[in-house]
1. Condition test on residue B:137, is it in contact with a Gly (Cβ under 6 Å, 6 or more places away or on another chain), in contact (Cβ under 8 Å) with a residue 60 or more places away in the chain and not in a loop (DSSP other than H, G, I, E, B)?
2. Checking residue B:182 against (1) touching a Lys or Arg at 6+ places or on another chain (Cβ under 7 Å); (2) within 30 Å of residue A:196 (Cβ to Cβ); (3) surrounded by fewer than 24 Cβ atoms within 10 Å (Cβ to Cβ), only one condition comes out false. Which one?
3. For segment A:190-209, does any single residue satisfy the condition of being acidic (Asp, Glu), closer than 22 Å to residue B:110 by Cβ and in contact (Cβ under 8 Å) with a residue 24 or more places away in the chain?
4. Of the residues A:172, A:148, A:131, A:167, which is at pLDDT below 95 and more than 13 Å from chain B (Cβ to nearest Cβ)?
5. When only residues in segment A:195-245 that are of a type in the set (A, V, I, L, M), in a helix (DSSP H, G or I) and within 14 Å of chain B (Cβ to nearest Cβ) count, which is surrounded by the fewest Cβ atoms within 10 Å (Cβ to Cβ)?
6. Kindly indicate whether residue A:179 is at pLDDT below 95, more than 7 Å from chain B (Cβ to nearest Cβ) and out of contact with any Phe, Trp or Tyr (no Cβ under 6 Å at 6 or more places or on another chain).
7. What residue, among those in segment A:100-128 that are polar (S, T, N, Q) and in contact (Cβ under 8 Å) with a residue 40 or more places away in the chain, is nearest to the other protein chains (Cβ to nearest Cβ)?
8. Quick check on segment A:93-108: of everything there that is among the polar types (S, T, N, Q) and within 14 Å of the chain's Cα centre (by Cα), which residue is nearest to residue B:213 (Cα to Cα)?
Amino acid sequence: MNEKSEKLIDKKGLRLDGRKPDELRPVKLQVGAITNADGSAYIEQGKNKILAGVYGPREVHPKHLALQDRTLLKCRYHMAPFSVQERKSPAPSRREVELSKVIRESLEPAIFLEYYPRTMIDVFVEVLQADGGTRCAAITAAALALADSGVPMRDLVAACAAGKVEDTIVLDLMDTEDKMGSADVPVALMPNMNAITLLQMDGTLSLEEFESTVNLALDGCKQIYAMQKEALKTKYVSVKEEEKEENKEEAEE
Amino acid sequence: MAAVITRVKQKQISQLVAKGNRLDDRELTDYREMKIEQGIIERAEGSARVILGKTEVVVGVKIETGEPFPDTPNEGVLTVNAELVPLASPGFEPGPPDENSIELARIVDRGIRESKVIDTAKLVIEPAKKVFVVFIDVYVLNHDGNLIDASALAAMAALLNTKMANYEIEDGEIKIKPGYEPLPTKKHPITITCAKIGEKLVVDPSLEEEQVMDARISFAIDDEENICAIQKGGSGYFEPKEIFEASKIAKQKADEIRKKLNW
């Protein structure tokens, strides 16, 4: 690959896309993106384009999977065949199976699972375009979709990766940095509880570097958390205002 | 990995751990008795058995020739697969690998891949065309908790035990010559798993402890005491300070095990 010769960080300390080391990519969040789903959200983070939809609580299928004391949370992370450079087979890969599991485990602590025994909640994540850090963006969107569905939650889950690129600790790695960098640490956080619900790493970091990388990622999570809250307000404040106007019209009649 | 544990026992374990004790009298940072045997399967190019308390894992390494990945034409290929065989636990079922066995395989894979254990550049026969493919098959024979550490250790021990046939190329065909060479290995990562039970971290959780734990976190630590892979698992969470505490415990335990094994 000729990309290797490319410098990932220039003399001014800026990254390939002109970002500073501790800067997020532009994030766009939209709550309510699929009318059929009980809750849904859409995220764009850099070139990532990801949809999350929630169905449930609904009847468990197959029935024997039902849990007597809580709801069964199911999660499917899936990448569209056209989401990456080389076409990806639509069949679930081992990577997708693992990511589905870790995404589910990152969301479980946030939900009051015990409120809906013998039911299940489906979380579906479709990556339409991938640009590095899809699992984090997927969690951010899935948490919003869950909140949108009205499932009682302890907190939102916000996720962001940090890593090491050419001896610099950077926030929110994009595809090239992820592939060429020397470490990638995705983190998911429930900010109100200071609870880390997802943590993975690959690459090489000393213990000290690891601590500062995690702290930078946590900082990114908090920035994303603020945007999540804003996105929820945008939907529900506008709904409330519409309602107000309708009421006014009715009163006038 | 369903298996039944009574509420009484759950409570007993949580209460003991809260006081710094464990059901089997271990300290919170103690491993169970560990036994490693290498070269137990003659047909495999490399093999090892790890016994960790009552957990038993066998790893076999097979080496074949194949094509390299298009984006890494000058590197051999490494693949890790894990089988949770039904005889190992009442909770394991026959059938295609489920998410638990896929996760286990991928954690073992990441530990070996990210720390660059195998010198993959030395596995190339003909760039972009023919390379050696190293198959690591993790076979869980008895599940009593902490499959991650046992599997990672067994995989590493099996790789250190792996022999490659001598060969020469004649008219594009591989000809096997007598004698063997060891697989070119560079590093020796050791994976350490901590489980969070209540407010405490315990190392090397047993199956019963895994059924009580809130969450677990595994660190692969290489020879230079760097972290090269991490995986958090389980439906609970960690506070940041617990993560950093776990990373320090992992470094210390990896160091102890490394000294004991002379890796």
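The values are calculated or read from the model by the stated rules, or taken from the named source; none is laboratory data. Here the structure is a predicted model, which means the values were calculated and not measured. Using ideal geometry, Cβ is built from the backbone for each residue, glycine included, and neighbour counts are taken over all protein chains shown.
1. It is true that residue B:137 is in contact with a Gly (Cβ under 6 Å, 6 or more places away or on another chain), in contact (Cβ under 8 Å) with a residue 60 or more places away in the chain and not in a loop (DSSP other than H, G, I, E, B).
2. For residue B:182, the exception is condition (2).
3. Applying the first criterion (acidic (Asp, Glu)) to segment A:190-209 yields A:202, A:208-209.
Restricting the remaining residues to those that are closer than 22 Å to residue B:110 by Cβ gives A:202, A:208-209.
Narrowing the set further to residues that are in contact (Cβ under 8 Å) with a residue 24 or more places away in the chain leaves A:209.
Yes, the conditions are met somewhere in segment A:190-209.
4. Working: A:172 fails: at pLDDT below 95; A:148 fails: at pLDDT below 95; A:131 fails: at pLDDT below 95.
Among A:172, A:148, A:131, A:167, only A:167 is at pLDDT below 95 and more than 13 Å from chain B (Cβ to nearest Cβ).
5. Filtering segment A:195-245 for residues of a type in the set (A, V, I, L, M) gives A:195-196, A:198-199, A:201, A:205, A:207, A:214, A:216-218, A:224, A:226-227, A:231-232, A:237, A:239.
If we keep only those that are in a helix (DSSP H, G or I) too, we end up with A:207, A:214, A:216-218, A:224, A:226-227, A:231-232, A:237, A:239.
Checking the rest, the ones that are also within 14 Å of chain B (Cβ to nearest Cβ) come to A:207, A:214, A:216-218.
Numbers: A:207: 16, A:214: 22, A:216: 22, A:217: 26, A:218: 18.
Looking at the filtered set, the residue picked out is A:207.
6. Against the criterion (at pLDDT below 95, more than 7 Å from chain B (Cβ to nearest Cβ) and out of contact with any Phe, Trp or Tyr (no Cβ under 6 Å at 6 or more places or on another chain)), residue A:179 qualifies.
7. Here the residue is A:106.
8. Here the answer is A:106.
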